[in-house]
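What follows is calculated from the coordinates using simple rules that are stated; it is not laboratory data. Just so we're clear, the structure is a prediction, and the values are computed from it rather than from any experiment. Ideal geometry is used to build each Cβ from the backbone, glycine not excepted, and the neighbour counts take in all protein chains shown.
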Amino acid sequence: MRNSKLLKITLTAAAALTFASFAESSAKADTQADIDAITQKIKDTEKSIKEGQEKLSKLEDLQYQKSMEIDGLKKNIKARKAQLARQARAAQVNNAGSMIDFVSKSKNLSEAISRTFTVATLVHANNQAVAQQKADQEKVVADKAVVDKAAADQTQANKNFNNDLAQLAVQKTQLEVKKANEDEAARKAAQEAEKKAREAAEKVADAKNERDAQNALKDANNAVASVTKSDNNNNNNNNNNNVAAQASTQQTSNTSAAPAAKYGSVVGYALSFQGVPYVYGGTSPSGFDCSGLVQYVFAAFGKQLPRTAGAQKAVCTPISESQLQPGDLVFWGTGHVGIYIGGGNFVHAPTTGDHVKVTSMNYYHPDSYGRVN
């Protein structure tokens with residue numbers, strides 16, 4: 001009987017040991033599920049952005065077509081007026097006096113009737129032509145106004161999608177940081193629990209009596225329980241962390257080339273300036289150039305950056321493309337800079353004649369990247 005009880009206790013300790021070895025992989029399912037959900041939302045939003053850009057492109061083409069149509073109508077109206085004026089001069093019907101004179105000089109009644117009919121026909125044709133001109137122009141102008149409204153609405157929708165994408169990128173960064181911290185804490189706790197459980201299991205096997213075996217089994221179970229306790233404490237600590245300060249290099253855990261990004265929160269503020277015109281040397285919301293936008297946005301968060309793109313690049317910590325996080329800077333040589341917003345997109349002030357907007361790195365790929373310290 002004694003040996004049977006010791007065997008049962010030993011098997012229970014072994015089960016505790018097995019549980020400890022699997023605790024690390026099973027404890028973080030919820031966080032991973034949240035990450036998967038955010039990832040799907042990012043994919044859906046990127047799809048909406050792509051579709052929105054395609055719709056806007058078609059609307060802009062239609063705007064151009066309507067503008068060209070209006071210009072063509074203006075030219076036709078001008079030409080038609082000139083033709084009518086020539087016809088009026090030829091028939092000497094430029095005013096009421098000449099019309100009466102034109103009819104009164106008829107040689108006979110038949111000619112007078114004919115000339116009267118000619119005058120009436122020309123006046124009617126002139127009125128019809130003018131009315132048609134106005135109708136044509138008003139219709140195209142009205143059509144263009146509808147297209148302009150649709151384009152403006154789509155532009156705002158695209159802006160909203162980009163804002164959503166930026167926020168999702170920040171949320172995903174927060175969750176991945178949380179999971180990285182959880183995984184590290186769980187790994188250490190599981191290793192320690194496994195060690196204690198193994199030692200306890202050995203004590204069970206070496207126990208000389210049932211009481212010693214029971215005490216050893218209690219130690220094994222306490223060791224396993226410490227995994228869950230450590231996990232809960234770690235989750236509570238993570239929930240109190242600020243996302244911008246917590247954004248780390250979890251996506252590149254094999255390198256420590258750069259500290260965690262501290263300025264992910266600049267993304268939403270930078271996106272609020274979409275539509276502001278590009279102004280060379282501009283450093284305010286009335287007009288930005290590329291480095292002026294970056295300097296202005298970061299200053300709002302207490303970070304003073306140099307004025308030019310080259311100088312901003314010089315004060316950043318160089319990072320790789322795989323390390324990019326929202327709030328990092330993207331560079332083209334030392335002549336242009338933008339703010340990475342996540343999802344392979346960045347916001348920048350492009351060039352003269354353009355405005356602050358979001359662009360995909362697939363369309364305009366940077367050649368270097370930096371993290372603001």
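Things worth noting here:
- Converting phi to 3J(HN,Hα) with the Karplus coefficients 6.51, -1.76 and 1.60 and the offset θ = phi - 60°, segment 38-44 yields 5, 4, 5, 4, 4, 4, 5 Hz in sequence order, with x at every glycine or proline.
- Contact order normalised by residue count of segment 269-373, Cα under 8 Å, 6+ apart, percent: 31 percent
- Listed residue pairs exceeding 27 Å between alpha carbons, taken from LYS188/LYS313; LYS172/LYS357; LYS75/LYS144: LYS188/LYS313
- Sequence ranges 261-269, 284-292, 64-72, ranked by mean other-Cβ count within 10 angstrom, highest first: 261-269, 284-292, 64-72
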